[in-house]
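Asker: Could you have a look at this structure, given as structure tokens, before my questions?
The values are calculated or read from the model by the stated rules, or taken from the named source; none is laboratory data. What you see is a predicted model; the values in this text were computed from it and never measured. So basically every Cβ, Gly included, is an ideal-geometry build from the backbone, and we count neighbours across all protein chains shown. When the accessible area is computed, the model is the full protein with side chains, heavy atoms only, and any ligands, DNA or RNA have been set aside. Shrake-Rupley method; radii C 1.70, N 1.55, O 1.52, S 1.80 Å.
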Amino acid sequence: TEIYTLSLHDALPICHFEEAIGSLREALQVWARDVMPSRWSVAQHNLGDALASLGRTEKNLDYLDQAAAAYTEALTKRDRNREPLLWASTQAALGQVYFLKGEWGTGTESLEAAIAYYNRALAQFPHDVVPFARAGAEFNLGTALRVLGQRNNNSILISEALGHHAAACQNCLQYSPYWALRAAEAAEEDMNILKGMPDSSTHGTILAKYGWISTLRLKHVGHEIGLMP
């Protein structure tokens, strides 16, 4: 499960996505749904990934709709009880698609759908089993809640976003300082939004609870923590 706002996929040439889409569609002609359901569902999910990446790169809603359709198809052969992590990864991927649609649009329906998908994924991503996947879903859920909160001028949603970004930071600390500090940055952005809202005087307790975020960021001011090539 990737952290959408920190994705590296956008750096890839468009032709690679197009080649992947063509190859996966050819594979799906051989891996029939009812004959090889496991491979078929993996190919469907990967097709969704390629379409979503292409749609994000080109800001093309049609590709995002095709990605959502591919992920939804994959779920027809992914049982929540039998394959909870695979099921959850597709839920998180759908969340990413609907978040993009909501972010680019003006309404709230797609953002609300994204939040629902991310919550389903989180319910199946145990921290002690897949900590990084859980952190990714926490981060993305926080970002979707923030955008919806700003759109509705709803401080409760911003507070929820802060909680999820802070959780993503904590979950990443022992695995990846880079992602932990990026999540901390997002959490501090949430705090700044709360401070600027009309009812900011009521958020003192919440802001104090997450004061460790600012302390962590100050501790690492000037540090260059990047991804390996």
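Asker: Using helices alone, what [θ] at 222 nm do you get for the chain, with -39,500 (n - 2.57) per DSSP H run of 4 or more residues, divided over all residues and rounded to the nearest 500?
Answerer: -24000 deg cm²/dmol
Asker: When a/c reaches 1.5 or more, the comparison of a/b and b/c decides; with that in mind, is the chain rounded, prolate or oblate per its Cα gyration tensor?
Answerer: Because a/c hits 1.5 or more and a/b exceeds b/c, the chain counts as prolate.
Asker: Looking at Pro84, Ile14, Tyr178, which one has the Cα that reaches farthest to the positive end of the dipole of the chain (charges on Cβ: Lys, Arg +1; Asp, Glu -1)?
Answerer: The one lying farthest along the dipole's positive direction is Pro84.
Asker: If I build a Gaussian network model for the chain, linking alpha-carbon pairs within less than 10 angstrom, which residue out of Ala32, Ala93, Ala68 has the largest mean-square fluctuation?
Answerer: Per the Cα network of the chain with a 10 Å cutoff, Ala32 tops the list.
Asker: Report the charge-dipole magnitude of region 131-229 in Debye, nearest 20, computed about the Cα centre from +1 at each Lys and Arg Cβ and -1 at each Asp and Glu Cβ.
Answerer: The dipole magnitude comes to about 60 debye.
Asker: Run the quick spin-label model on Val35 and His220: label points 7 Å from Cα toward the beta carbon, then report their separation in nm to one decimal.
Answerer: Taking the simple label geometry, Val35 and His220 are separated by 5.0 nm.
Asker: Could you please put Tyr210, Tyr71 in sequence from largest to smallest accessible area, using a 1.4 Å probe?
Answerer: Tyr210, Tyr71
Asker: Could you run the Debye sum over the Cα atoms of region 145-229, one equal point scatterer each and no solvent, and tell me log10 of I(q)/I(0) at q = 0.19, 0.23 Å⁻¹, two decimals?
Answerer: -0.80, -1.06
Asker: Rank Leu145, Leu162, Leu61 by mean-square fluctuation in a GNM of the chain with C-alpha springs under 10 angstrom and give only the top-ranked residue.
Answerer: Leu61
Asker: OK, next. What does the accessible area of Lys209 come to, in Å² to the nearest 10, when a probe of 1.4 Å is used?
Answerer: 140 Å²
Asker: What is the distance, in nm, between label points placed 7 Å from the Cα along the Cα-to-Cβ direction at Met197 and at Ala69?
Answerer: 3.9 nm
Asker: Read phi for every residue in region 52-59 and hand back ³J(HN,Hα) as whole Hz from Karplus 6.51 cos²θ - 1.76 cosθ + 1.60, θ = phi - 60°, with x for Gly and Pro.
Answerer: 5, 5, 5, x, 5, 5, 9, 6
Asker: Ignoring ligands and nucleic acids, what accessible area does Glu73 show with a 1.4 Å probe (Å², nearest 10)?
Answerer: The value for Glu73 is about 60 Å².
Asker: Hey, if we sort Asp128, Asp199, Asp62 by accessible area with the 1.4 Å probe, largest down, what's the order?
Answerer: Heavy-atom accessible area, descending, gives Asp128, Asp62, Asp199.
Asker: On a full-extension model of 0.36 nm per residue, what is the gain between Glu112 and Gln150, subtracting their alpha-carbon distance, rounded to one decimal in nm?
Answerer: Additional length available on full extension: 12.4 nm.
Asker: Here's another thing I want to ask about it. Ignoring ligands, DNA and RNA, what percent of the accessible area of region 1-133 is carbon or sulfur (1.4 Å)?
Answerer: Here carbon and sulfur together make up 52 percent of the probe-accessible area.
Asker: Report the charge-dipole magnitude of region 108-155 in Debye, nearest 20, computed about the Cα centre from +1 at each Lys and Arg Cβ and -1 at each Asp and Glu Cβ.
Answerer: My answer is approximately 80 debye.
Asker: Another question, then. Compute the signed sum of charges (Lys and Arg +1, Asp and Glu -1) over the other residues within less than 10 Å, Cβ to Cβ, of Gly107.
Answerer: 0
Asker: Now a separate question. Could you give each residue of region 22-34 its phi-based ³J(HN,Hα) in whole Hz, using Karplus coefficients 6.51, -1.76, 1.60 with θ = phi - 60°, and x for Gly or Pro?
Answerer: x, 5, 5, 5, 5, 4, 5, 6, 9, 7, 5, 3, 8
Asker: Would you mind getting the accessible area per residue of the chain, heavy atoms of the protein chains only, 1.4 Å probe, in Å²?
Answerer: 50 Å²
Asker: Okay, moving on. What lysines could a cross-link reach from Lys195, if we take a straight Cα to Cα line under 26 Å and drop same-chain neighbours fewer than 8 places away?
Answerer: Leaving aside lysines fewer than 8 places away in the same chain, those within reach of Lys195 are Lys209, Lys219.
Asker: For region 118-195, compute Rg over Rh where Rg is the Cα radius of gyration and Rh is the Kirkwood radius from the inverse mean 1/r over Cα pairs.
Answerer: 0.99
Asker: Taking θ as phi - 60°, what are the ³J(HN,Hα) couplings along region 82-97 by the Karplus curve (6.51, -1.76, 1.60), each to the nearest whole Hz, with x for Gly and Pro?
Answerer: 7, 10, x, 6, 5, 4, 5, 5, 6, 4, 5, 5, 5, x, 4, 4
Asker: Separate question: Let me check something: with ligands and nucleic acids excluded, how do Ser41, Ser23 order by accessible area (1.4 Å probe), largest to smallest?
Answerer: Ser23, Ser41
Asker: Here's a follow-up. Reachable lysines from Lys59, Cα under 21 Å, same-chain residues fewer than 8 places away excluded?
Answerer: Once the sequence-local lysines are set aside, what remains near Lys59 is Lys101.
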